[in-house]
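One structure is given below, encoded as structure tokens.
The values are calculated or read from the model by the stated rules, or taken from the named source; none is laboratory data. Keep in mind the model is a prediction, meaning the values are calculated, not measured. For neighbour counting, all protein chains shown are included, and Cβ atoms are generated from backbone atoms with ideal geometry for every residue, glycine included. Ligands, DNA and RNA are stripped out before the accessible areas are found, and what is left, the full protein with its side chains, is counted by its heavy atoms. Shrake-Rupley method; radii C 1.70, N 1.55, O 1.52, S 1.80 Å.
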Amino acid sequence: MAAEADGPLKRVLVPLLLPEKCYDQIFVQWDLLHVPCLKILLSKGLGLGIVAGSLLVKLPQVFKILRAKSAEGLSLQSVMLELVALTGTMVYSITNNFPFSSWGEALFLMLQTVTICFLVLHYRGQTAKGVTFLVCYALVLLVLLSPLTPLSVVTLLQASNVPAVVGGRLLQAATNYRNGHTGQLSAVTVFLLFGGSLARIFTSVQETGDPLMAGTFVVSSLCNGLIASQLIYYWNVKAPIKKKKQ
């Protein structure tokens, strides 16, 4: 009977959240304080939570731009550099066969960031340039994920994440400082990105053991924390409303 009762639970947990040996350790031997298995369970749970949450992380930013019909306060260069970092993480992880729970949010954040890039260009009156950008990005992504791209190039792309993240966030921080407000930046999106990058430090160490991945998320957390602190500082400052030309 115990084996039958364990059946559905085991199918849910193994191998999605736990390897079979850890399932047996915790749910058969009832060793509820087995630290290595608990770390795996925490890491997998956090990772899948981050991936699920990433489906919605940047939607508040997208909707805020659409509602305002403006991308005021957003640095296009910053968004582009963030896209480079997300693309590097995704391609590097796929190439190295890392578990989806350790990088899956990069895929969904990439799709949302591409959308934001297009919207910024669109609301600057450069819709044709935005469409060209979408086509070119899709072609570049296909090449990076194909066997034509050497592993050394993929690793170099991931290594470039740190300067891309730092450069992108500093550009956005400089834009905020220069404007004296955070414009159409979404507080929900910024704080979710900050929390997600903090959690990813643990999951990347636990699931991939890759210092390059972990280091990228450490830097990302620091930079996201800078933007989050600016949002708090400028919380009550509203972007000036531009008067329409008569």
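Left without a cysteine partner by the 4.7 Å Cβ rule in the chain: CYS117, CYS136, CYS223.
Matching the structure-derived Rg/Rh (Cα atoms, Kirkwood Rh) against the labelled list (i) 0.95; (ii) 1.10; (iii) 1.05 gives the label (iii). Per-residue ellipticity at 222 nm from helix content only, as computed over the chain with -39500 (n - 2.57) for each DSSP H run of at least four residues, stands at -24000 deg cm²/dmol. Our summary gives segment 57-186 a relative contact order of 49 percent, counting only alpha carbon pairs under 8 angstrom and 6 or more residues apart. Per residue, the accessible area of segment 120-246 comes to 58 Å², computed with a 1.4 Å probe over protein heavy atoms only. Packing around the peptides 125-134, 21-30, taken as the average count of other Cβ atoms within 10 Å per residue, puts them in this order, highest first: 21-30, 125-134. What a 1.4 Å probe finds exposed on segment 98-145 is 79% carbon and sulfur by accessible area, rounded to a whole percent.
Label-to-label distance for PHE202 and VAL218 is 1.7 nm, based on points extended 7 Å past Cα in the beta-carbon direction.
Structure remark: mean-square fluctuation, Gaussian network model of the chain, C-alpha springs under 10 Å; the largest value among CYS117, CYS136, CYS223 belongs to CYS136.
Cα-based values for segment 19-74, radius of gyration first and Dmax second, are 20.0, 59 Å. Only helices reaching 24 angstrom along their own axis (Cα) with mean Kyte-Doolittle hydropathy no lower than 1.0 count here, and for the DSSP H runs of the chain these are 35-57, 76-95, 104-122, 127-145, 187-207, 211-233.
What do you get for Rg/Rh over segment 76-189 if you use C-alpha atoms and the Kirkwood form of Rh? Rg/Rh for segment 76-189 comes to 0.99. Evaluating kT/(6 pi eta Rh) at 25 °C and 0.890 mPa s, with the Kirkwood radius of segment 1-144 over Cα pairs in the Stokes-Einstein relation, gives 137 µm² s⁻¹. Restricting the trypsin sites (Lys or Arg not before Pro) of segment 47-119 to loop positions (DSSP other than H, G, I, E, B) with no more than 13 neighbouring Cβ atoms within 10 Å leaves LYS69. For the pair LEU111 and VAL237, what calculated FRET efficiency results from E = 1/(1 + (r/R0)^6), where r is the Cβ-Cβ distance and R0 = 30 Å, to the nearest 0.05? E between VAL237 and LEU111, to the nearest 0.05, is 0.45.
Element breakdown for segment 157-243 at a 1.4 angstrom probe: carbon and sulfur atoms account for 70% of the accessible area.
Using a probe of 1.4 angstrom and keeping all protein chains present, the accessible surface of segment 22-112 works out to 45 square angstrom per residue.
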